[in-house]
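All remarks here apply to the structure that follows.
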Amino acid sequence: MPVRDLLSAASGASAPADPYFYDVSLLLNGDGTNGAQNNTFLDSSTNNFTITRNGNTTQGSFSPYGPLWSNYFNQSAFLASAATGVSNFGTGNYTFECWVNPSTVSVANGIYDGRPAGNGAYFTTIINTSAKFFLVANGGTVYTSSTSLIANTWTHVALVRGGTGSNQCAVFINGSRDGTFTDATSYTDSKQVIGATAYSPYGVNPFTGYISNMRIVKGTDVYGYSNTTITVPTSPLTAVSGTSLLTCQSNRFIDNSTNNIALSVVNSGLAVQRFSPFNPTAPYSTSVIGGSGYFDGSSSLTVPSTSALSFGTGNFTIECWVNFASVPSNAVGIIDGQASYTPSFYYDGGTYSANKLVLSDRTANQISVTWIPTAGVWYHLAAVRNGTTYTIYINGSSIGTATGSNSYSGTATYTIGGDSGGGSSWGFPGYISNLRVTGSAIYNSNFTPPTAPLTAITNTQLLTSMTNAGIPDLAMQNDLQTVGSAQVSTSVKKYGTGSLKFNGTTDDLYLPSSPQYALDGGDFTVECWVYLNSYQSTAQARLFFPTGNNQNCDIGGNGSAPGKISYYNGTGGVNSPSGTIPLSTWTHIAWVRSGGTVNLYANGSRVGTGSIAATSPSATPVYIGSTGSADWLDGYVDDLRITKGYARYTGTTYTVPTASLPTY
């Protein structure tokens, strides 16, 4: 039984509108203002500056805020710590738990390893090559589950040792006791490894997929080894008494236990994701979740010439959240004034001096601190001037101070996400959220980073909230670029107030690379309502096209049977008969993988089916409505939903949605 059904049954709570919303990786309902795109940026300060978009800068609902997170492991990178004693349980009681969502179960996936110096009695949990969860102590297997874990599916695993002197242990999988065993091992540990094991060589059996809310509690059997079932938590875990580690649940790699263990990333490709085993409790809200701008490394935003950021010798604060898509080896601008004696806040990966976060007045650096960021992680950055003292904070902690009495007296045009030349040479690669410049020293000691979108407090001179997306992802995971004239249309719609309009020649939606769209390794559902104005004259229209992944959801044109829907993944394909999608009428279509079978549906009836071997796709950019250069869709799309890890429709028929899709 899927974990969400078990959670609902265990809690007795009423089911949310969509009990599988936690598996939704994209939801576009097309509602909004006629003609709306994601290209218009606003300044939310009282100055209300006109913000000019340069290049492909876009905005959307992916942000650093909200409680629902996981860590994505790419079968290479993992987390590690110095010696800590997290799992030195001795012979005492303990609880180990987490949610896992492996991309594949055909290889060994290391979950956690506490390996002491000299290879003492260590504690290791792994998913083995037979998809079983097992515990290793001192190099030997102590327990192997009878339950097999499923690829691309969230599974809650809990391992406990309880009793008084009896060393009784139990493993629970999705709330059901898988088995009991006796383990008298006296555990010691040293280094922690998350997402791999510490066998020689260090970091083997790397995990591929997602891990969320890993918690280790020393001295307590949280769930009771003698129980046959347990209530699986339906919200993020907290640091109960005895918690020695609590991680994989934040917008950055941190331990939320009172130990606050420093976790470092080994190798590249590890990222935080707003993809978790929990359903949100409310729909997307700009006031709660906020948004961000996505900068592709050659795009930027421009603020017109102003003296509002001319602070003279006065106090000021520049702050924002950043998330690098890749760590640059050159200098990249966060905000840059285009004249001398104006603030310039940037990261230098090697143009002038490597691995520096710098605040300059465009004539000289006023403070420069060493910093090596990790790609795929949200960081809160703040540069503060208080009197003659400059301080740079990262995630609320001071990492350096300097003294200076220079005057920021220049008037300038400002570039966000680039340099004074417009961003082509200093283009920021990734996301910037909540850039605020304030004529006050807001932070004068270490602080907790903001947990809600910033507002225009007193003395705010600039605030780019990035929440003006006309086509936001209601799954809160993406910033979509509206290419060409792709936009909201309120004149043709199935449900709600609008749909997505594509003109058949230049329009599509572009999503930056994300593991959420490497679908084909497990079950999935791609569905929408479509209203075609015409068929493509040749080939087909690509409704869902992950570049290079061969997971194509297509609508046939005149050159390949008009109105036929098809799916192709590089190893095989499935087609419907021609004419499945008529012109000038709304048709509900769905592409669904369930196990080894791919089914195609139109208006609730299965119109194509086939057994296709699953691939192991990687994270690549996605186009909706074309390939990015051809195969354009001409028409309207409403309620586009992508569900990763769950086949919503598996029979020969289903009841098509009779209203707008749930938004949480």
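Between 369, 327, 358, the distinction of being among the β-branched types (Val, Ile, Thr) and closer than 20 Å to residue 64 by Cα belongs to 327 only.
Restricting segment 277-296 to residues that are in a strand (DSSP E or B) and among the small types (Gly, Ala, Ser), the residue that is nearest to residue 40 (Cα to Cα) is 293.
Quick one: is residue 107 of a type in the set (A, V, I, L, M), part of a loop (DSSP other than H, G, I, E, B) and farther than 17 Å from residue 255 by Cα? When the stated conditions are applied, residue 107 passes them. Within segment 325-333, is even one residue in a strand (DSSP E or B) and farther than 16 Å from residue 54 by Cα? Scanning segment 325-333, I find at least one residue that is in a strand (DSSP E or B) and farther than 16 Å from residue 54 by Cα, so the answer is yes. Taken over segment 56-76, residues that are surrounded by fewer than 24 Cβ atoms within 10 Å (Cβ to Cβ) and out of contact with any Asp or Glu (no Cβ under 7 Å at 6 or more places or on another chain) amount to 8. Filtering segment 387-403 to residues that are crowded, with 17+ Cβ neighbours inside 10 Å and out of contact with any His (no Cβ under 9 Å at 6 or more places or on another chain) leaves 390, 391, 392, 398. Taking segment 534-544 as the range and being touching a Ser or Thr at 6+ places or on another chain (Cβ under 7 Å) and either buried (at least 24 other Cβ atoms within 10 Å of the Cβ) or polar (S, T, N, Q) (or both) as the test, only 540 passes.
Counting only strands (runs of 3 or more DSSP E) that sit completely within segment 149-224, those holding 1 or more residues that are among the β-branched types (Val, Ile, Thr), under 18 Å from residue 71 (Cα atoms) and out of contact with any Asp or Glu (no Cβ under 9 Å at 6 or more places or on another chain) correspond to 155-162, 208-218. The listed residues are 95, 129, 52, and the only one of them that is surrounded by fewer than 17 Cβ atoms within 10 Å (Cβ to Cβ) and over 30 Å from residue 325 (Cα atoms) turns out to be 129. Exactly one residue out of 332, 322 is in contact with an Asp or Glu (Cβ under 9 Å, 6 or more places away or on another chain), in contact (Cβ under 8 Å) with a residue 60 or more places away in the chain and aliphatic (A, V, I, L, M), and it is 332. Looking at 183, 113, just one residue is at pLDDT below 95 and under 26 Å from residue 252 (Cα atoms), and that residue is 113. Going through (1) over 24 Å from residue 272 (Cβ atoms); (2) buried (at least 16 other Cβ atoms within 10 Å of the Cβ) one by one, residue 334 falls short only on (1). Quick check on residue 482: is it under 24 Å from residue 25 (Cβ atoms) and out of contact with any Phe, Trp or Tyr (no Cβ under 6 Å at 6 or more places or on another chain)? Judged against the criteria, residue 482 is a match. Scanning segment 598-631 for residues that are over 19 Å from residue 650 (Cβ atoms) and β-branched (Val, Ile, Thr) gives 615, 620, 622, 624, 627. Of the candidates 590, 614, the single residue that is within 21 Å of residue 104 (Cα to Cα) and either in contact (Cβ under 8 Å) with a residue 40 or more places away in the chain or of a type outside the set (S, T, N, Q) (or both) is 614. Of everything listed in (1) free of Cβ contacts under 8 Å to residues at least 60 places away in the same chain; (2) more than 25 Å from the chain's Cα centre (by Cα), the single unmet condition for residue 337 is (1).
Give just the number: which of (1) farther than 14 Å from residue 527 by Cα; (2) crowded, with 19+ Cβ neighbours inside 10 Å; (3) touching a Lys or Arg at 6+ places or on another chain (Cβ under 9 Å) does residue 574 not satisfy? Unmet condition: (3). Looking at segment 537-627, the strands (runs of 3 or more DSSP E) lying wholly inside it that each contain 2 or more residues that are in the same structural domain as residue 480 (by TED's automatic domain parsing), of a type in the set (Val, Ile, Thr) and closer than 18 Å to residue 642 by Cα sit at 586-594, 597-602, 622-624. Applying the set (1) crowded, with 24+ Cβ neighbours inside 10 Å; (2) farther than 20 Å from residue 571 by Cβ to residue 557 leaves exactly one unmet item: (1). Condition test on residue 640, is it in the same structural domain as residue 499 (by TED's automatic domain parsing), of a type outside the set (Phe, Trp, Tyr), part of a strand (DSSP E or B) and over 19 Å from residue 574 (Cα atoms)? Criteria met by residue 640.
How do the pairs read when you match residues in segment 504-532 that are in the same structural domain as residue 564 (by TED's automatic domain parsing) with residues anywhere that are of a type in the set (Lys, Arg) and in a loop (DSSP other than H, G, I, E, B), using Cβ under 6 Å and keeping only pairs 6 or more apart or on different chains? Matching pairs, first to second residue: 525/648; 529/494.
Kindly establish whether residue 358 is of a type outside the set (Phe, Trp, Tyr), surrounded by fewer than 23 Cβ atoms within 10 Å (Cβ to Cβ) and either at pLDDT 95 or above or out of contact with any Leu (no Cβ under 6 Å at 6 or more places or on another chain) (or both). Spelling it out, residue 358 is indeed of a type outside the set (Phe, Trp, Tyr), surrounded by fewer than 23 Cβ atoms within 10 Å (Cβ to Cβ) and either at pLDDT 95 or above or out of contact with any Leu (no Cβ under 6 Å at 6 or more places or on another chain) (or both).
Within segment 225-250, the set of residues being part of a loop (DSSP other than H, G, I, E, B), over 26 Å from the mean Cα position of the chain (by Cα) and exposed (fewer than 15 other Cβ atoms within 10 Å of the Cβ) comprises 226, 228, 231, 240, 241. If you go through segment 241-261 one residue at a time, do you hit one that is within 20 Å of residue 175 (Cα to Cα) and without any contact (Cβ under 8 Å) to a residue 40 or more places away in the chain? Checking segment 241-261: at least one residue is within 20 Å of residue 175 (Cα to Cα) and without any contact (Cβ under 8 Å) to a residue 40 or more places away in the chain.
Go through segment 137-171 and give me each residue that's touching a residue at least 60 places away in the same chain (Cβ under 8 Å) and of a type in the set (A, V, I, L, M, F, W, C). Matches in segment 137-171: 150, 151, 154, 157, 158, 159, 160. The number of residues in segment 516-536 being outside any strand (DSSP E or B) and closer than 30 Å to residue 149 by Cα comes to 8. Scanning segment 297-306 for residues that are assigned to a loop (DSSP other than H, G, I, E, B) and among the polar types (S, T, N, Q) yields 298, 299. For segment 469-515, a residue qualifies if it is of a type in the set (Asp, Glu), in a loop (DSSP other than H, G, I, E, B) and over 22 Å from residue 454 (Cα atoms), and exactly one does: 507. Condition first: modelled with pLDDT under 95 and among the small types (Gly, Ala, Ser). Now tell me which residues in segment 225-261 satisfy that. Within segment 225-261, 226 is the sole residue that qualifies. Would you mind stating whether residue 79 is surrounded by 23 or more Cβ atoms within 10 Å (Cβ to Cβ), assigned by TED's automatic domain parsing to the domain that holds residue 514 and modelled with pLDDT of 90 or more? No.
The values are calculated or read from the model by the stated rules, or taken from the named source; none is laboratory data. Nothing here was measured: the structure is a model prediction, and the numbers come from that model. Cβ sites come from the backbone with ideal geometry, for glycine too, and all protein chains shown count toward neighbours.
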